[in-house]
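Participant: Take this structure first; my questions come after.
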Amino acid sequence: MKKRRLGSSGMVVSQISMGTMTFGSSCDQKESFAIMDYAHDHGIDFFDTAEIYPIPPNIEWVHRSEEIIGTWLQSKDRDSVILATKFCGPGHGWFVPPVRTGRTCIDRHHIRRAIEGSLRRLQTDYIDLYQTHWTDPDFDYRETLTALDELVKEGKVRYIGSSNETAWGAMKADAVSKELGIARYQSIQNNFSMIHRRFEDELAQVCKKEKISLLAYSPIGAGVLSGKYNHGEPENARFTKYLRSGQERQRAIANRFVNEKSLATAASIRLIAESLNCTSAALSLAWTFTHEFLASSIIGVTHLDQLKELLKANQIEISNELLNQFDEISNKYPYPMGHWPFK
């Protein structure tokens, strides 16, 4: 397993990280343990979770992912696992999280409440990477970053990062950290795949110049690039459930991922994968590794066999010719996912 430096920090992480947002909902504890054991045994040392997981967000199982990881972690050498989690962003915008009665905020009070809960559930005394799950551009970055810096100084957190951040927000946060001489965001965890390449437009330049690393989530388009949606709505698949749900937010997210352009992109990648005798999912994951601003791509699975298949991405070599083919696909089907549908 190849390793990459996280931002300008002293931490290097496996270029594949284990996402855990299915643990406790569509993936029970036994299967979750099997997945984490296999990942750990095969060189994945970076595990990512969040206080709000598993998905879909639900009061009935919120926090369960952290609880499962915390129990599993007791059988491992803590130093062998790089553990990342996230605290909820503001609850007054596009989404009201089922934690702290939905009144979440990225101020000192809520950051303190969130870290104590995560440390307790994860059964550890420190978090390697603590991240803002989503941002609040109208709130003062100084308070958020100062509160996070306090956690670093106290030894509860090693490094900090952001998620679902913009180019403006990344530069604003970095400027505040430099101005105050406090801990800075070493990473940005954003959506990035062959059906969502917007990160390359502006954020890639920010990452390169400021030495901030991308942690790519949904590197296979939340399963779309595996091709499983090209023949209808597969039973028990995430977006099948979302499309059939009565929730406007879930249907909007599903339509953003599963649409004419994204399915055409998946079909085109499948043809390349067949010529290379590999799966579309593994090939799509391997494509993300070609970007120098990337530290790690976060994969999520519900079954061990899916993990075994995705690990084959480590053996796929992406030539310049292949990169050109990927670019041709993107030029033919530009920006399949469009803009975020919520304000």
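The values are calculated or read from the model by the stated rules, or taken from the named source; none is laboratory data. What you are looking at is a predicted structure, and each value in this text was computed from that prediction instead of being measured. A quick note on method: Cβ atoms are made from the backbone with ideal geometry, for glycine too, and the neighbour counts reach across all protein chains shown.
Participant: Working carefully through the options F87, F23, F46, find the one that is at negative phi, modelled with pLDDT of 95 or more and touching a His at 6+ places or on another chain (Cβ under 7 Å).
Facilitator: Working: F23 fails: touching a His at 6+ places or on another chain (Cβ under 7 Å); F46 fails: touching a His at 6+ places or on another chain (Cβ under 7 Å).
Checking each option against the conditions leaves just F87.
Participant: While we're looking at this one, here's another question. Among the listed residues T288, T302, T279, which satisfies the condition of being closer than 21 Å to K2 by Cβ, touching a strand residue (DSSP E or B) at 6+ places or on another chain (Cβ under 8 Å) and of a type in the set (S, T, N, Q)? Explain how you work it out, then say what you get.
Facilitator: Numbers: T302 fails: closer than 21 Å to K2 by Cβ; T279 fails: touching a strand residue (DSSP E or B) at 6+ places or on another chain (Cβ under 8 Å).
After ruling out the rest, the residue left standing is T288.
Participant: Take the stretch 208-251 and flag every residue that is closer than 27 Å to Q131 by Cβ, part of a loop (DSSP other than H, G, I, E, B) and touching a helix residue (DSSP H, G or I) at 6+ places or on another chain (Cβ under 6 Å).
Facilitator: Scanning the stretch 208-251 gives P219, I220.
Participant: So for the stretch 45-52 (the condition being among the aliphatic types (A, V, I, L, M) and outside any helix (DSSP H, G or I)), does at least one residue qualify?
Facilitator: Yes, the stretch 45-52 has at least one match.
Participant: While we're looking at this one, here's another question. Is it the case that some residue within the stretch 195-214 is touching a Pro at 6+ places or on another chain (Cβ under 7 Å) and touching a residue at least 24 places away in the same chain (Cβ under 8 Å)? Break it down stepwise before answering.
Facilitator: From the stretch 195-214, those touching a Pro at 6+ places or on another chain (Cβ under 7 Å) are 195; that's our starting set.
Within this subset, residues satisfying the condition of being touching a residue at least 24 places away in the same chain (Cβ under 8 Å) are 195.
Checked the stretch 195-214: at least one residue is touching a Pro at 6+ places or on another chain (Cβ under 7 Å) and touching a residue at least 24 places away in the same chain (Cβ under 8 Å).
Participant: Still on this structure, I have one more. Quick check: is even one residue across the stretch 165-176 closer than 19 Å to H291 by Cβ, at pLDDT 95 or above and assigned to a helix (DSSP H, G or I)? Steps first, answer last, please.
Facilitator: Within the stretch 165-176, the subset closer than 19 Å to H291 by Cβ is 165-167, 170.
If we keep only those that are at pLDDT 95 or above too, we end up with 165-167, 170.
When the remaining residues are screened for being assigned to a helix (DSSP H, G or I), the result is 167, 170.
Yes, because at least one residue in the stretch 165-176 is closer than 19 Å to H291 by Cβ, at pLDDT 95 or above and assigned to a helix (DSSP H, G or I).
Participant: Of the residues I35, I68, which single one is touching a residue at least 12 places away in the same chain (Cβ under 8 Å), over 23 Å from G221 (Cα atoms), in contact with a Ser or Thr (Cβ under 9 Å, 6 or more places away or on another chain) and not in a loop (DSSP other than H, G, I, E, B)?
Facilitator: Going through I35, I68 in turn, the sole match is I68.
Participant: Only one residue in A313, A281, A295, A286 is without any contact (Cβ under 8 Å) to a residue 40 or more places away in the chain, crowded, with 20+ Cβ neighbours inside 10 Å and not in a loop (DSSP other than H, G, I, E, B), so which one is that?
Facilitator: Step by step, each of A313, A281, A295, A286 is checked, and only A286 is without any contact (Cβ under 8 Å) to a residue 40 or more places away in the chain, crowded, with 20+ Cβ neighbours inside 10 Å and not in a loop (DSSP other than H, G, I, E, B).
Participant: Additional query: Among the candidates E51, E67, which residue alone is acidic (D, E), crowded, with 21+ Cβ neighbours inside 10 Å and within 26 Å of S14 (Cα to Cα)? First the steps, then the outcome.
Facilitator: Details: E67 fails: crowded, with 21+ Cβ neighbours inside 10 Å.
Result: E51 is the single residue among E51, E67 that is acidic (D, E), crowded, with 21+ Cβ neighbours inside 10 Å and within 26 Å of S14 (Cα to Cα).
Participant: Could you please tell me which pairs satisfy a Cβ distance under 8 Å, a separation of 6+ or placement on different chains, a first residue in the stretch 257-268 that is within 16 Å of D327 (Cα to Cα), and a second residue that is in a loop (DSSP other than H, G, I, E, B) and among the β-branched types (V, I, T)?
Facilitator: Close Cβ pairs (under 8 Å, with a partner that is in a loop (DSSP other than H, G, I, E, B) and among the β-branched types (V, I, T)) amount to K261/I195; S262/I195; T265/I195; A266/I195.
Participant: Checking E60 against (1) among the acidic types (D, E); (2) more than 24 Å from A252 (Cα to Cα); (3) without any contact (Cβ under 8 Å) to a residue 40 or more places away in the chain, which single condition isn't satisfied?
Facilitator: (2)
Participant: From the list A170, A183, A175, A147, which one is under 18 Å from the mean Cα position of the chain (by Cα) and more than 25 Å from Q247 (Cβ to Cβ)?
Facilitator: On the way: A183 fails: under 18 Å from the mean Cα position of the chain (by Cα); A175 fails: under 18 Å from the mean Cα position of the chain (by Cα); A147 fails: under 18 Å from the mean Cα position of the chain (by Cα).
The conditions single out A170.
Participant: Shifting gears a bit: Of all the residues that make up the stretch 121-163, how many are more than 20 Å from I55 (Cβ to Cβ), of a type in the set (S, T, N, Q) and in contact (Cβ under 8 Å) with a residue 40 or more places away in the chain?
Facilitator: 2
Participant: OK, next. What is the residue count in the stretch 157-166 for residues that are of a type outside the set (S, T, N, Q) and under 17 Å from the mean Cα position of the chain (by Cα)?
Facilitator: The total comes to 4.
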